[in-house]
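What follows is calculated from the coordinates using simple rules that are stated; it is not laboratory data. All values reported here derive from a predicted model rather than from experimental measurement. Note: ideal-geometry Cβ built from the backbone for every residue, glycine included; neighbour counts use all protein chains shown.
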């Protein structure tokens, strides 16, 4: 029986070339507009973490659409973000990319928000509860498949299993097959997260990412990755490039922290800061 083909590894050299140098006369409008929608009651931090990551990884303008009734009107620690209700965020003009799912929940309101988002003519990044709702709603899966604009899905193994109608153990036993099947079924670029995340482009080319470490097993890491993917799409990368760059850089930021002997108690906020620093070094 022939050996399975070797999966190519994402490299820093490969992804560092994706972002073009910024012109001297640039302004925030040159670097795209991101909206992040999520944050049901008790989970407002999730879209805020994603939005902060989108801002700090270079998006020109970043909005946050929050479902919770008692949502803050400003992020005191990051007042550059513009906070709205989830419904208002859906109708913002001139959006380049919408990231949805971080802390979204899966009640009727969340499902209606996702339905409306899928109908927009805009690039989507689908994470967390957006994926869980899609697993529950065959009609929304049909809408996703029929979209003309590109989309990215960022499942962990449990979410991938729900989308594929199997169990987590089956996904983990055949990760490459599972990731490629998600691309085939949902016509989206996919990262199957976990140790050695697998990225699959929309034309079903598969790559393995070998950055990252166990210290990144902490809350909010997936939200930060979602914001990073959205930021790079907003800045003009196609969804495949944005996915490869974000996944590799996200793990590299965690590795930079691990080199500082910080592996227990690593936070998603700190990974965002390190990712910004590393990106600037890579560009330099």
* Asked: Which of 106, 91, 248 moves the most in a Gaussian network model of the chain with Cα springs under 10 Å?
  -> 91
* Asked: By how many nm would the segment from residue 112 to residue 281 lengthen if fully extended, with 0.36 nm per residue of separation less the alpha-carbon distance?
  -> 56.7 nm
* Asked: Rounded if a/c is under 1.5, else prolate if a/b beats b/c, else oblate: with a ≥ b ≥ c from the C-alpha gyration tensor eigenvalues square-rooted, which is segment 229-284?
  -> prolate
* Structure fact -> Rounded to the nearest whole number, the Stokes-Einstein translational diffusion coefficient of segment 65-205 at 20 °C and 1.002 mPa s (Kirkwood radius, C-alpha pairs) in µm²/s is 136 µm²/s
* Principal axis dimensions, segment 161-235 - Cα atoms, whole angstrom, descending -> 29, 29, 21
* Asked: Taking the alpha-carbon centroid of each part, what is the distance from segment 252-279 to segment 219-236 in angstrom?
  -> 15 Å
* Roughly speaking, what % of Cα-Cα pairs in segment 182-284 are separated by over 17 Å, rounded to a whole number? -> 50 percent
* **segment 29-283 - Rg and Dmax from Cα coordinates, angstrom** => 16.5, 48
* Structure fact -> For segment 1-121, shape from the Cα gyration tensor axes a ≥ b ≥ c, cut at a/c of 1.5 then a/b versus b/c, turns out oblate
* To do: Using R₀ = 30 Å, calculate the FRET efficiency as 1/(1 + (r/R₀)^6) where r is the Cβ-Cβ separation of residue 218 and residue 92; round to 0.05.
  => 0.45
* To do: Return, ordered by residue number, the residues of segment 242-284 whose backbone nitrogen is under 15 Å from a label point located 7 Å along Cα→Cβ of residue 26.
  => 276-277, 279-284
* Asked: Stretch residue 14-residue 204 to full length: gain in nm at 0.36 nm per residue minus the Cα-Cα span?
  -> 66.6 nm
* Give me the distance between the Cα centres of segment 19-42 and segment 86-109, rounded to whole Å. => 15 Å
* Can you pull the Kirkwood radius for segment 126-265, inverse mean 1/r over Cα pairs, to one decimal in Å? -> 15.2 Å
* segment 29-283: relative contact order as a whole-number percent, Cα under 8 Å and 6+ apart -> 20 percent
* Asked: When the chain is treated as a GNM, springs tying every alpha-carbon pair under 10 Å, which of 53, 253, 20 comes out with the largest mean-square fluctuation?
  -> 20
* Please tell me the relative contact order of segment 116-267 in percent, rounded to the nearest whole number, where contacts are Cα pairs under 8 Å and at least six residues apart. => 19 percent
* With the contact rule set at Cα under 8 Å and sequence spacing of 6 or more, what percent relative contact order holds for segment 64-171? -> 21 percent
* Would you list 34, 74 from fewest to most Cβ contacts within 10 Å? -> 74, 34
* Structure fact -> Per-residue ellipticity at 222 nm attributable to helices in the chain (runs of n ≥ 4 DSSP H, -39500 (n - 2.57) apiece, nearest 500 deg cm²/dmol) works out to -13500 deg cm²/dmol
